[in-house]
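So the structure is just underneath, and the comments pick up after that.
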Amino acid sequence: MPTRIKICGLTRPEDVDAAVAAGADAIGFVFYPQSPRHVTPGQAAALVRRLPPFVLAVGLFVNEEAARIQAILDQVPLNLLQFHGDEGPEDCARWGRPWIRAARVRPGLDLLQYAARFSGARALLLDAFVEGYGGGGHVFDWRLIPPDLPLPLILSGGLSPENVADAVRRVRPAAVDVSSGVEAGKGIKDHQRMADFVAAVRAADRD
């Protein structure tokens, strides 16, 4: 199966259009107010309306209050929810929508135990551990990923057009997730870098 590609942290219509044209399978919208890539529900709803069929709209949440998540879901037609904070399995599953769980990888984190705890997730997204939330553009040690992870793996953390082909060849994830690695500025995507990122993934898939 070809590696699925998610481009996250989009804030502008022209960037959404360019990501779709490049071949992204999913577009991520950040609802974490402290993020420089944060979008309001109104902004996100307008951006999601630009997506063609079969391109997923993913909503990213970090320790968000339930009432605000519900308000966002009432306004934005998200296909998939992504949780990056301290949410437990019940917090992730209560919305009746497919969800993925992020893990901030560092030595000592038992990813097999983590995956078992969040067994209801559609996938486990592995990101670099940094202070705060989000990978901060850092790559983690891919050797920390167990080969028998029981959930589909989404690889994130410091990916870019320059290193994603190597990542796909070495890790063989179900999907890759990129944000800062294809940016001209925080929340502003570089259209050429998005196209180069997708092309690099597809080249690795052919190997």
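Below is a table of values for the structure above.
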quantity	calculated
GNM result for the chain, Cα springs below 10 Å: residue of SER179, SER35, SER160 fluctuating most strongly	SER35
Nearest-20 debye value, segment 3-141 charge dipole, Cβ charges on Lys, Arg, Asp, Glu	300
Calculated from backbone phi, Karplus (6.51, -1.76, 1.60) coupling profile of segment 115-125 in Hz, x at Gly/Pro	5, 5, 5, 9, 5, x, 6, 6, 6, 10, 9
Length released on extending from ARG169 to ALA199, taking residue separation times 0.36 nm less the Cα-Cα span	9.4 nm
Using θ = phi - 60° and Karplus 6.51 cos²θ - 1.76 cosθ + 1.60, couplings along segment 56-70 (whole Hz; Gly, Pro as x)	7, 9, 10, x, 9, 10, 9, 6, 7, 5, 4, 4, 6, 4, 4
Heavy-atom accessible area per residue - segment 137-207, 1.4 Å, Å²	46
Charge dipole of the chain about the Cα centre (unit charges at C-beta), most positive-ward option of PHE83, ALA102, ALA45	ALA45
Listed residues GLU183, GLU64, GLU90, most fluctuating in the chain (Gaussian network, C-alpha, under 10 Å)	GLU90
Protein accessible area in segment 110-190, 1.4 Å probe - carbon and sulfur %	49
Between segment 54-124 and segment 148-207, the Cα center-to-center distance that results, in Å	20
Helix-only [θ]222 nm of the chain, DSSP H runs n ≥ 4, -39500 (n - 2.57) each, per residue, nearest 500	-9000 deg cm²/dmol
Residues with amide H under 5 Å from that of GLU183, placed H, sequence gap 5 or more	ASP190
Unit charges at the beta carbon, dipole of segment 84-207: most positive-side option, ALA204, TRP142, LEU159	ALA204
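The values are calculated or read from the model by the stated rules, or taken from the named source; none is laboratory data. If you're wondering where the values come from, they're calculated on a predicted model, not measured in any experiment. Neighbour counts run over all protein chains shown; Cβ positions are idealised from the backbone, glycine included. Remember, those area values only see protein heavy atoms, side chains included, never the ligands or the DNA or RNA. Shrake-Rupley method; radii C 1.70, N 1.55, O 1.52, S 1.80 Å.
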